[in-house]
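*Asks:* I'd like to ask some things about the structure below.
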Amino acid sequence: MYTYSQLAPGRPGRHRSRHLRALHLVPCAAALALCFFGATAHALTEHPPYPYGAPGDAGAVDGCEAGWYIVGFRVRSGLWFDSIGMICARRDATGYVDDKVVAMRGGLGGGAPTNYRCNPDEVVIGIDVWADDSARKVQHMDAICSAGPAFKERVIKVSDVASSIGKGKHYQSQPCGAGEAGFALETRYGKDVNATGLRCRPLEAPMAQQIPDPSVDIRSDDPPKAATQAFAGVWKVDTSNGATFDLTLTIVGKKVTGNFQILGQPQFSGTLSGTEITNGVIRFNWTQPQVPAGGEGSLEVFTNNTFRGFLNQGKPGLPLIKWTGSEHKIIHRTGKPRPSGGPANGGDAPRATAVNATTVYKTHSGKDTAANKVCAMRPGDTGTVLSKGPDQWVDLSNISGTCAGKSGWVWNGGDLKLP
């Protein structure tokens, strides 16, 4: 990763006035949306860089490259900071990745360096700096992390918390401006860190929409969560934006991989990969290479052979899409899927053939409304039989013809030839 360094200006008195900690809360805690994402983008913060502390023997400004931001700090510390470097990370749709530490400034005391990092979806939007009693050494620092205007900012302690309690009576708050995040650190140092100051710049684009934990959609009649391994297999998935597709998932330990496809529409095929975040809940990244599109999502699986969850569309401002999976099919050692209630030997799934024109419905409720209709089968069209019943209803998937791989329910009053 490209980084840059330059000599820090040596003019005294460039730091801002010292603030009481209570005053620091006014601009950002009371109006977080304004403190993190402003209505208009602007250049670097109007105030000059403000390294807080003593001049030191040397000075430098170290910065992240374009598209990278500060997500934490690496520090050697004991009673004060012996050396400091910032952790830069590249921004993508899932958060901040590919951590790299820019050059450490200061001495070699204080023991092994320790990383203090924001959460994966957070970026540093300010620091609070405490100096020792003589205001000649940086003794403690807080980093203010935030994932965006809809989420509360979070403070992480940078240094050994126990050794910093009740110390460092000289204090300065260094918040970024509206719509900005930290990208550079000005340091004055010798054998210790004598002063440090944060530099900010506008974020290049709004942060990707966060994926909520699936439990936000919990219902009173939900069955218990199943084990993560229950995700393995082939699912029929309905989405809140009207699509229906087949999803194949493989689980190895806590890792999940899979692919999804709509029969007859290969341009919308895609893949996903992720991991278990708790038992029965997975978080993943997904991509559709030919569209192209991508984003992240999370799913929760239940003991009644269904799952639910959300995914984003990889672009700011677009609504979340809800996935609902049902009619789970088990993968056998032959590699062929078996529908629930189908042949137990793992052979090919049975196919039904339309002998007369018939309507395919979203549900077996019997409602003959436009909202409940999926498509129409014509004589000769076929579909994979997922289940039979209740009554004379037949659940089909991968329906050929004008249905183009869609799934749904057909009332078989003699219009289907079943295997």
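*Asks:* Identify all aspartates and glutamates with a Cα-Cα distance to LYS417 below 14 Å; exclude those on the same chain that are fewer than 8 residues away in sequence.
*Replies:* Once the sequence-local aspartates and glutamates are set aside, what remains near LYS417 is ASP381, ASP395.
*Asks:* Work out the FRET efficiency for LEU79 and GLN267 from their Cβ-Cβ distance, taking R0 = 56 Å, and round it to the nearest 0.05.
*Replies:* Between LEU79 and GLN267 the formula returns 0.35.
*Asks:* Given the protein chains as shown and a 1.4 Å probe, how many square angstrom of PHE268 are accessible, to the nearest 10?
*Replies:* Ignoring ligands and nucleic acids, PHE268 comes out at about 80 Å².
*Asks:* So, how do all the Cα-to-Cα distances of the stretch 239-311 break down into 10 Å bins, in percent, from 0 on up?
*Replies:* The distribution over the stretch 239-311 is 19, 54, 25, 2, given as percents.
*Asks:* In nm, to one decimal, how far is the modelled label at THR114 from the one at ASP57, with both set 7 Å along Cα→Cβ?
*Replies:* Spacing of the two 7 Å Cα→Cβ label points: 2.6 nm.
*Asks:* Label 7 Å along Cα→Cβ of LYS100; the stretch 181-197 residues with amide nitrogen under 19 Å?
*Replies:* 182-186, by backbone N distance to the label point.
*Asks:* So if each residue of separation counts as 0.36 nm, and I subtract the Cα-Cα distance between THR239 and GLN288, what length gain in nm does that give?
*Replies:* Using 0.36 nm per residue and subtracting the Cα-Cα distance, I get 16.1 nm.
*Asks:* Which entries of LYS322/LYS367; LYS322/LYS362; LYS236/LYS322 have Cα-Cα distances beyond 18 Å here?
*Replies:* LYS322/LYS367
*Asks:* Rounded to the nearest 0.05, what FRET efficiency do ARG351 and ASP391 give with R0 = 25 Å and r taken as the Cβ-Cβ distance? Could you check?
*Replies:* 0.75
*Asks:* Ignoring ligands, DNA and RNA, what percent of the 1.4 Å accessible area of the stretch 205-305 is carbon and sulfur?
*Replies:* Carbon and sulfur together cover 53 percent of it.
*Asks:* Once the Cβ-Cβ distance between LYS417 and LYS254 is put in as r, and R0 is 45 Å, what FRET efficiency do you end up with, to the nearest 0.05?
*Replies:* 0.50
*Asks:* Another question, then. Binning at 5 Å from 0, report for the stretch 49-131 what percent of all alpha-carbon pair distances ends up in each bin.
*Replies:* P(r) over the stretch 49-131, rounded to whole percents: 3, 14, 23, 25, 19, 11, 4, 1, 0.
The values are calculated or read from the model by the stated rules, or taken from the named source; none is laboratory data. The structure displayed is predicted, hence computed values, not measured ones. Cβ: placed from backbone, ideal geometry, glycine included. Neighbour counts: every protein chain shown. For the accessible areas, the whole protein counts, side chains as well, though only heavy atoms, and no ligand, DNA or RNA atoms are used. Shrake-Rupley method; radii C 1.70, N 1.55, O 1.52, S 1.80 Å.
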